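Written below as structure tokens is the structure these notes are about.
The values are calculated or read from the model by the stated rules, or taken from the named source; none is laboratory data. Quick caveat: nothing in here was measured; it's all calculated off a predicted structure. Virtual Cβ from ideal backbone geometry, glycine too; neighbours counted across all protein chains shown. Only protein heavy atoms, including side chains, enter the accessible area calculation; ligands, DNA and RNA are left aside. Shrake-Rupley method; radii C 1.70, N 1.55, O 1.52, S 1.80 Å.
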Amino acid sequence: MIRVLFAAGAKCWSEYELVLPEALAAKGLTVDLSRDHAPGTVDYIVTAPNGDVQDYRPYRCCKLVQNIWAGVENLTDNPTLTQPLARMVDPGLTRGMVEWVTGHVLRHHLGMDRHILGQDGIWRSEIPPLAADRPVTVLGLGALGSACAKTLSDLGFPVRGWARRDKEIPGVEVFSGHDGLDAVLRDAQIIVLLVPLTALTRHLLNAERLALLKRNTIILNPGRGPLIDDGALIAALDSHLGHATLDVFETEPLPADHPFWAHPKVTVTPHIASATRPATAATVIAENIRRGEAGQPFQHLVDRERGY
Ligand code: NDP
């Protein structure tokens, strides 16, 4: 019998307790899935950064810790977690992010605020440019960034992307390295941040890099709050940037007295850009357990050196 400990918390359990057994059964696996197994007997742990297990040392037979979040920065810094760690790559999560990013890109591209917020009797007849005239840069070309970049390219935007390694994505001009970052920042009119939070990406957009951006550049951050230096962002908005739409923050929930709430060039969304969808994620979890039992390599393993 395979023992799976569901340690992602009570709220998540209510979302997974039906779909996960179904997904495991569909893979032909007979599993004892519970929120309460003796640590020494556990084969797999399904977890979340704010989950039930913080000390992973007693789980000495555990073959895999499967996170149900895409971001792993709150697990990679746990010194007790030495088991293989997989992050979540879920088609439902990806779809949600593509929709959030596309919606917010189109809001700024079409200048929708002028008409939604400006119902004041003034006939504003400025025609928006076509997407082809609006370069968009996507920082991070992983599961989420590459899907967003492809969709934006399909809509006609000239898309540049930046990743650690070179890669080919149809319709997307890919850059890497420090020089590549400066190049993709300089030309963009809209920038989307979808890199993970690591030691190398903290304050990726600092005062120096924000100074490279053109007048009226728009920033969308559905990645992680600390990717941007908050103080430098406010200074850059006050001097030359067009707008920042922020979904993630250094402290969440964003404190009620944080200057972002009242800033006229900031839109706050409360970490809702996307989320793991249990119906599709259950299949991803089950597939990794199937692989573990078949002696095959796990999918979506986190590289501890890289931090993602
Ligand atoms: P992936 O690990 O699939 O992709 C990460 C991308 O970032 C890769 O392209 C990687 O490059 C690039 N990258 C990482 N470090 C660097 C670096 N130092 N320099 C240049 N590029 C770098 O992650 P996902 O796409 O699945 O998720 C991205 C992030 O989105 C998550 O870490 C999480 O923080 C955030 N997120 C936010 C949500 C929300 O609701 N707001 C929901 C889900 C996720 P390479 O391809 O070369 O490895």
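May I ask you to list the residues in segment 254-267 that are open to solvent by 50 Å² or more (accessible area, probe 1.4 Å) and not in a loop (DSSP other than H, G, I, E, B)?
Pro259, Trp261, Ala262
Is it true that Ala188 is surrounded by 23 or more Cβ atoms within 10 Å (Cβ to Cβ), without any contact (Cβ under 8 Å) to a residue 60 or more places away in the chain and more than 14 Å from the ligand (Cβ to nearest atom)? Talk me through it step by step, then tell me what you get.
Numbers: surrounded by 23 or more Cβ atoms within 10 Å (Cβ to Cβ): yes; without any contact (Cβ under 8 Å) to a residue 60 or more places away in the chain: yes; more than 14 Å from the ligand (Cβ to nearest atom): yes.
Yes; evaluated as a whole, the condition is true for this residue.
For segment 268-308, what are the residues that are within 10 Å of the ligand (Cβ to nearest atom), touching a strand residue (DSSP E or B) at 6+ places or on another chain (Cβ under 8 Å) and either hydrophobic (A, V, I, L, M, F, W, C) or open to solvent by less than 60 Å² (accessible area, probe 1.4 Å) (or both)?
Thr269, Val302 - these are the residues of segment 268-308 that are within 10 Å of the ligand (Cβ to nearest atom), touching a strand residue (DSSP E or B) at 6+ places or on another chain (Cβ under 8 Å) and either hydrophobic (A, V, I, L, M, F, W, C) or open to solvent by less than 60 Å² (accessible area, probe 1.4 Å) (or both).
Do the conditions hold for His115, that is, is it in contact (Cβ under 8 Å) with a residue 12 or more places away in the chain, more than 16 Å from the ligand (Cβ to nearest atom), in the same structural domain as Asn221 (by TED's automatic domain parsing) and in a helix (DSSP H, G or I)? Working first, answer last.
Details: in contact (Cβ under 8 Å) with a residue 12 or more places away in the chain: no; more than 16 Å from the ligand (Cβ to nearest atom): yes; in the same structural domain as Asn221 (by TED's automatic domain parsing): yes; in a helix (DSSP H, G or I): yes.
It is false that His115 is in contact (Cβ under 8 Å) with a residue 12 or more places away in the chain, more than 16 Å from the ligand (Cβ to nearest atom), in the same structural domain as Asn221 (by TED's automatic domain parsing) and in a helix (DSSP H, G or I).
Determine the pairs where a residue that is in the same structural domain as Leu110 (by TED's automatic domain parsing) and surrounded by 15 or more Cβ atoms within 10 Å (Cβ to Cβ), located within segment 224-253, has a partner that is at pLDDT 95 or above and among the charged types (D, E, K, R) with Cβ atoms under 6 Å apart, the partner being 6 or more residues away or on another chain.
Cβ pairs passing all conditions: Gly225/Glu250; Pro226/Arg202; Pro226/Glu250; Leu237/Lys265; His243/Lys265; Val248/Arg224.
Looking only at segment 50-70, count every residue that is open to solvent by 20 Å² or more (accessible area, probe 1.4 Å) and either basic (Lys, Arg) or within 22 Å of the chain's Cα centre (by Cα) (or both) and tell me the total. Give the derivation first.
Keep residues of segment 50-70 that are open to solvent by 20 Å² or more (accessible area, probe 1.4 Å), which gives 50, 52, 54-55, 57-61, 63, 69-70.
With the extra rule that they be either basic (Lys, Arg) or within 22 Å of the chain's Cα centre (by Cα) (or both), the set shrinks to 50, 57, 60, 63, 69-70.
Qualifying residue count, segment 50-70: 6.
Restricting attention to segment 204-225, which residues are more than 10 Å from the ligand (Cβ to nearest atom), more than 24 Å from Leu106 (Cβ to Cβ) and within 16 Å of the chain's Cα centre (by Cα)?
The first filter runs over segment 204-225 and keeps only residues more than 10 Å from the ligand (Cβ to nearest atom), leaving 205-220.
Narrowing the set further to residues that are more than 24 Å from Leu106 (Cβ to Cβ) leaves 206-209, 211-212.
Matches in segment 204-225: none.
Could we say that Leu233 is modelled with pLDDT of 95 or more, within 16 Å of the ligand (Cβ to nearest atom) and of a type in the set (A, V, I, L, M, F, W, C) here? If you could, list the steps in order and put the result at the bottom.
Working: modelled with pLDDT of 95 or more: yes; within 16 Å of the ligand (Cβ to nearest atom): no; of a type in the set (A, V, I, L, M, F, W, C): yes.
No; evaluated as a whole, the condition is false for this residue.
Taking the condition of being assigned to a loop (DSSP other than H, G, I, E, B) and within 16 Å of Ala281 (Cβ to Cβ), how many residues in segment 1-12 meet it? Lay out the reasoning, then the answer.
Of the residues in segment 1-12, the ones assigned to a loop (DSSP other than H, G, I, E, B) are 1, 8-9.
With the extra rule that they be within 16 Å of Ala281 (Cβ to Cβ), the set shrinks to 8-9.
Residues flagged as assigned to a loop (DSSP other than H, G, I, E, B) and within 16 Å of Ala281 (Cβ to Cβ) within segment 1-12 amount to 2.
Which pairs have Cβ atoms under 6 Å, sit 6 or more apart or on different chains, and link a residue in segment 89-112 that is farther than 20 Å from Gln299 by Cβ to one that is assigned to a helix (DSSP H, G or I) and within 12 Å of the ligand (Cβ to nearest atom)?
As it stands, the answer is Val98/Ala147; Val98/Cys148; Val101/Cys148, since those pairs meet every condition given.
Against the definition (within 24 Å of Ala275 (Cβ to Cβ) and more than 20 Å from the chain's Cα centre (by Cα)), how does Leu144 come out, yes or no?
On the way: within 24 Å of Ala275 (Cβ to Cβ): yes; more than 20 Å from the chain's Cα centre (by Cα): no.
Spelling it out, it is not the case that Leu144 is within 24 Å of Ala275 (Cβ to Cβ) and more than 20 Å from the chain's Cα centre (by Cα).
Leu130: assigned by TED's automatic domain parsing to the domain that holds Leu227 and out of contact with any Pro (no Cβ under 9 Å at 6 or more places or on another chain), yes or no?
Working: assigned by TED's automatic domain parsing to the domain that holds Leu227: yes; out of contact with any Pro (no Cβ under 9 Å at 6 or more places or on another chain): yes.
It is true that Leu130 is assigned by TED's automatic domain parsing to the domain that holds Leu227 and out of contact with any Pro (no Cβ under 9 Å at 6 or more places or on another chain).
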